[in-house]
1. Using DSSP to call loops (not H, G, I, E or B), can you name the trypsin sites (Lys or Arg not before Pro) in segment 333-375 whose Cβ has at most 16 other Cβ atoms within 10 angstrom?
2. Could you calculate the FRET efficiency of ALA282 with ALA361 from 1/(1 + (r/R0)^6), where r is the beta carbon distance between them and R0 is 35 Å, rounded to 0.05?
3. Set Lys and Arg Cβ to +1 and Asp and Glu Cβ to -1, take the dipole of the chain about its Cα centre, and tell me which of LEU150, LEU195, ALA185 lies farthest positive.
4. Output wanted: per-residue J couplings in Hz (rounded whole) for segment 304-313, from phi through Karplus 6.51 cos²θ - 1.76 cosθ + 1.60, θ = phi - 60°, x for Gly and Pro.
5. Can you tell me what share of the DSSP beta bridges in segment 214-319 is antiparallel? A percent to the nearest 5 is fine.
6. Report the semi-axes of the equivalent ellipsoid for the chain in whole Å, largest first, where each axis is √(5λ) for an eigenvalue λ of the Cα gyration tensor.
7. Output ³J(HN,Hα) for segment 83-89: one whole-Hz value per residue in order, computed from phi by the Karplus curve 6.51 cos²θ - 1.76 cosθ + 1.60 with θ = phi - 60°, and x for Gly and Pro.
8. Please compute the modelled spin-label separation between GLU222 and MET66, points set 7 Å along Cα→Cβ, answer in nm with one decimal.
Amino acid sequence: MQQARKLMPGGVSSPVRAFRAVGGEPLFIERGEGCRLYDADGREYTDCLSSWGAVILGHADPSVTMAARQALEKGSSFGACTPGEVELARKIVDAVPGVEMVRFVSSGTEAVMSAVRLARAFTGRTKVIKFEGGYHGHSDGLLSKAGSGLATFGIPESPGVPASFAAETMTVPYNDLQATSQALASLAREVACVLVEPVAGNMGVVLPAPGFLDGLRRACDEHGALLLFDEVITGFRVGLGGAQRLYGVIPDITTMGKVIGGGFPLAAYGGRREIMERVAPAGDVYQAGTLSGNPVAVAAGSAALDVVRQPGFYERLEELGAMLERGMRESAAKAGCRVTINRVGSMVTIFFCDGPVTDFASAARSDAKRFAAFFHAMLDAGVYFPPSRLESAFLCAAHTPSDIERIISASKPAFRAAA
Ligand SMILES: *Cc1c(COP(=O)(O)O)cnc(C)c1O
């Protein structure tokens, strides 16, 4: 780590990895297999991070690995059209109700940035309404009051973002329909889109209150704004077709990432045909990428989607998630540790505070010291949780009920340490 710190800011390629929020030295991962991680010192961990949700089948999944290897042997990048892209686009369009056409990019940040540009072009308006604690990648203008690493470090936005850019984004509390409607009304005909994680995952897991997503849909329609679901986490994670299918609310534009790349750098934005046809070269909204639709990433993502499309896949993840939630609640109660557990399927956050946790203000009450004690006790017991109190843990298909039992038994002393 010392060497890493000399060569890379904070020793990392992305901030939360540095363990600043929990203290101690970060793991250096040597390899992964299924739901196990092995660090450079040869220690084994049961992984509850799953690469921030990207590896829904677990590490080095045989079907994903084989698909990627086969693609790789044919060449890693051509900067030209490949048949695999069309196949993956078909799988996404078939599964996600709000997506009739899709554009592939390389990261979630890029997907949301491009989707917002498209929303602005389509509506001829500039303002964006987002939610406090919502994270949509690190592009200028979307960092204000964002979640993920910014929430972890208490950074509301970033130096280097011109105030004039940030001024285009208005932030309201998550699950607050009234504040959203008021914001839409006060900005009259200026709002291009309402940008929301349909299940928030970057302030920890926060569920949409009954009627919240429906209400956003209606409010957007009333004010001529587009509804943009950032499903970079939830797409193919909370179910086939993402949160929009789970909750039955169809956005105008959807962004996806993480799961659809099978653990490779791949993301996408898509939406109604009429909107997507504005994207160049079909339309006039410019967006491009040298490695966009990279054939190795596409092959891996496509193989992953073939597995999640199998009947019973999400039901099994739900059972594992429910088992984890139940067990964690019991061990916390026995340890006299007051927590609030929020979960949708295989996404779960344990907040070290009383509930309910419904927005960023209530999530932020989760106690940092108690979380750090829990995190390190889990790590000592060989279970790797996200190293921040305001992130989601993710189960993967490689977890078995006995892995869940292992995690639960590790949590008993960990909750005592955090009580
Ligand atoms: C991870 C994430 C992003 C950013 O994706 P990157 O691939 O890290 O750039 C955007 N939105 C949401 C909801 C995310 O969870």
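1. For trypsin sites (Lys or Arg not before Pro) across segment 333-375 that sit outside H, G, I, E and B with at most 16 neighbouring Cβ atoms in 10 Å, the list reads ARG365.
2. That pair, ALA282 with ALA361, gives E of 0.25.
3. Value computed over the given set: LEU150.
4. 5, 5, 4, 6, 5, 6, 5, x, x, 4
5. Looking only at bridges with both residues in segment 214-319, the antiparallel portion is about 45 percent.
6. On the way: eigenvalues 204, 139, 82 Å².
Rounded to whole Å, the semi-axes are 32, 26, 20.
7. With coefficients 6.51, -1.76 and 1.60, one gets x, x, 4, 5, 4, 5, 4 Hz.
8. Placing both labels 7 Å beyond Cα along the Cβ direction yields 5.4 nm.
The values are calculated or read from the model by the stated rules, or taken from the named source; none is laboratory data. Keep in mind that what you see is a predicted model, and the values were worked out from it rather than measured. Cβ: placed from backbone, ideal geometry, glycine included. Neighbour counts: every protein chain shown. The area values use the complete protein model at the heavy-atom level, side chains included, leaving out ligands, DNA and RNA. Shrake-Rupley method; radii C 1.70, N 1.55, O 1.52, S 1.80 Å.
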